[in-house]
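Derivation of every value follows stated rules applied to the coordinates shown; laboratory data play no part. None of these values were measured; they are calculated from a predicted model. With ideal geometry, Cβ positions are generated from the backbone for all residues, glycine too; neighbour counts draw on all protein chains shown.
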Amino acid sequence: MKALIQRVKRASVSIEGELFSSIGFGLLVFLGVEKGDEKINAEKLAEKLINLRIFEDANEKMNLSLKDVKGEMLIVSQFTLCGDCKKGTRPSFDKSAPQNTANELYEYFIERIKQNHIPLKTGKFGAMMEVELINDGPVTFMVEK
């Protein structure tokens, strides 16, 4: 399971030109599910993202977590994170989990975040989405579990 995370001042998802969801200060999480991923991967990744210290403290050091700053999270399914661009000029998606499995783990990941009382919004699994964001920093990390 892969997550491309961006610390944001705000972020939103629109579907078919209509605002679907939005957050203020927090994390935008693009989530990719690979073949072989299981619930334990989602659990570990959720715990990692909630507690990852990537927000600045009073001394301008990355020392605070999403929980510490009472930030929000926007989770967007992103199967292209599992794409492999090593060979040729067309990405291979052989590593991507089947749609049903990916959706189940996406939903399970969302539930794990909710259980930690993080204010949460999502995109729509499988939809063509437009994502807008104001990256804070910019601060962007790839996290895999």
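Which lysines, on any chain, are close to Lys61 with Cα under 20 Å apart, when same-chain ones fewer than 8 places away are left out?
Partners found: Lys9, Lys48, Lys70.
Rank by packing, highest mean first: peptides 30-41, 125-136, with packing defined as the count of other Cβ atoms within 10 Å averaged across residues.
Result, highest mean first: 30-41, 125-136.
Less than 20 Å apart at the alpha-carbon level, and either on another chain or at least 8 residues along: which aspartates and glutamates does that give for Lys145?
Glu34, Asp37, Glu38, Glu43, Glu47, Asp84, Asp94, Glu104, Glu107, Glu111
Give me the extension gain from Lys48 to His117: residue separation times 0.36 nm, minus the current Cα-Cα distance, reported in nm with one decimal.
Net length gain for the segment: 23.4 nm.
Report the gain in length on full extension from Ile40 to Glu16: 0.36 nm times residue separation, minus Cα-Cα distance, nm rounded to one decimal.
This chain segment gains 5.3 nm when fully extended.
Semi-axes of the equivalent ellipsoid for the chain, please: Cα gyration tensor eigenvalues, times 5, square-rooted, ordered largest first, whole Å.
Ellipsoid semi-axes (Å, largest first): 24, 17, 16.
Could you work out the helix-only [θ] at 222 nm for the chain, with each DSSP H run of four or more residues adding -39,500 (n - 2.57) and the total divided by the number of residues, to the nearest 500 deg cm²/dmol?
Roughly -7000 deg cm²/dmol at 222 nm, from the helical runs in the chain.
To check you understand DSSP bridge types, tell me what percent of the beta bridges within the chain (both residues inside) are antiparallel, rounded to 5.
Antiparallel: roughly 75 percent of the beta bridges in the chain.
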